[in-house]
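Shown next, in structure tokens, is the structure this report addresses.
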Amino acid sequence: MAKAAAEAARAETQTRLLRAEEAQPEDILSAQGFIFCAPENLAALSGMMKEFFDRCYYPVLGRIEGRAYALMICAGSDGENAARQAARIAKGWRLKEVQPPFILCTHAQTPERILAEKTLSEEELEPCRELGAAMGAGLAMGAF
């Protein structure tokens, strides 16, 4: 999901794709907009994504207000709680939501399907590309 969005955004504006464990406060400060992409684990943000927010929240607090963000969640059931968690963090940062969260539900409900590597179809990735292209174009045009 993140790769599809980043590739589409890259066609519109300068784009960096970082894994949660790689991203640092300096990366957040240097970006004009964000697409946060995370899996839902046990009805919550994944541990790595939560750790990213924990590590970066205070060093950038008060320094990124008004910047655009969008959110993508890959969930086995509904993804709503993970989306709420990330949205609350973005609200604390005073980021500007540019679209409601996109939640892709894989319906993985058995231990085997939950633990299996997920492969998304081109059809499932298309909304990610659309989100990336829209975010990139909006940033390039100065719309947000």
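The values are calculated or read from the model by the stated rules, or taken from the named source; none is laboratory data. In this text, all values refer to a predicted model and were calculated from it rather than measured experimentally. So basically every Cβ, Gly included, is an ideal-geometry build from the backbone, and we count neighbours across all protein chains shown. Heads up: the accessible areas ignore ligands, DNA and RNA and are worked out on the full protein's heavy atoms, side chains in. Shrake-Rupley method; radii C 1.70, N 1.55, O 1.52, S 1.80 Å.
Could you run through the range 87-110 and say how many residues are within 14 Å of residue 75 (Cα to Cα) and of a type outside the set (S, T, N, Q)? Adding up the residues that qualify gives 7.
Any residue that is touching a residue at least 40 places away in the same chain (Cβ under 8 Å) and either surrounded by fewer than 19 Cβ atoms within 10 Å (Cβ to Cβ) or in a helix (DSSP H, G or I) (or both) - is there at least one of those in the range 106-117?
Quick first cut of the range 106-117, residues touching a residue at least 40 places away in the same chain (Cβ under 8 Å) only: none.
Taking every residue of the range 106-117 in turn, none turns out to be touching a residue at least 40 places away in the same chain (Cβ under 8 Å) and either surrounded by fewer than 19 Cβ atoms within 10 Å (Cβ to Cβ) or in a helix (DSSP H, G or I) (or both).
Tell me, which residue of the range 73-105 that is small (Gly, Ala, Ser) and modelled with pLDDT of 95 or more is surrounded by the most Cβ atoms within 10 Å (Cβ to Cβ)? In this case the residue turns out to be 82. Just one of the numbered conditions (1) in contact (Cβ under 8 Å) with a residue 60 or more places away in the chain; (2) more than 21 Å from residue 19 (Cα to Cα) is not true of residue 95: (2). Scanning the range 63-77 for residues that are of a type outside the set (A, V, I, L, M, F, W, C) and either touching a Gly at 6+ places or on another chain (Cβ under 6 Å) or under 14 Å from residue 91 (Cβ atoms) (or both) yields 65, 66, 67, 69.
Among the residues of the range 121-133, is there at least one that is assigned to a loop (DSSP other than H, G, I, E, B), out of contact with any helix residue (DSSP H, G or I) (no Cβ under 8 Å at 6 or more places or on another chain), of a type in the set (Ser, Thr, Tyr) and touching a residue at least 12 places away in the same chain (Cβ under 8 Å)? So far as the range 121-133 goes, no, none of its residues is assigned to a loop (DSSP other than H, G, I, E, B), out of contact with any helix residue (DSSP H, G or I) (no Cβ under 8 Å at 6 or more places or on another chain), of a type in the set (Ser, Thr, Tyr) and touching a residue at least 12 places away in the same chain (Cβ under 8 Å). Contact map, the range 17-44: residues that are of a type in the set (D, E, K, R) paired with residues that are open to solvent by 40 Å² or more (accessible area, probe 1.4 Å) and not in a loop (DSSP other than H, G, I, E, B), Cβ distance under 9 Å, separation 6+ or inter-chain. Pairs shown: 19/48; 21/48; 21/51; 26/59; 40/80; 40/81; 40/103. For the range 3-49, filtered to residues that are within 15 Å of the chain's Cα centre (by Cα) and among the hydroxyl-bearing types (Ser, Thr, Tyr), the residue that is least open to solvent (accessible area, probe 1.4 Å) is 46.
Considering the range 118-144, and only residues there that are closer than 11 Å to residue 68 by Cβ and in contact with a strand residue (DSSP E or B) (Cβ under 9 Å, 6 or more places away or on another chain), the residue that is surrounded by the fewest Cβ atoms within 10 Å (Cβ to Cβ) turns out to be 143.
Looking at the range 50-66, which of the residues that are assigned to a helix (DSSP H, G or I) and of a type in the set (Lys, Arg) is most open to solvent (accessible area, probe 1.4 Å)? So that I can check it myself, show each step before the final result.
Restricting attention to the range 50-66, the residues satisfying the condition of being assigned to a helix (DSSP H, G or I) are 50-60.
Checking which are of a type in the set (Lys, Arg) leaves us with 50, 55.
Details: 50: 79, 55: 64 Å².
Selected residue: 50.
Of all the residues that make up the range 1-38, how many are in a loop (DSSP other than H, G, I, E, B) and closer than 22 Å to residue 106 by Cα?
So the count comes out to 3.
Looking at 82, 70, which is the one that is in contact with an Asp or Glu (Cβ under 9 Å, 6 or more places away or on another chain) and not in a helix (DSSP H, G or I)?
70
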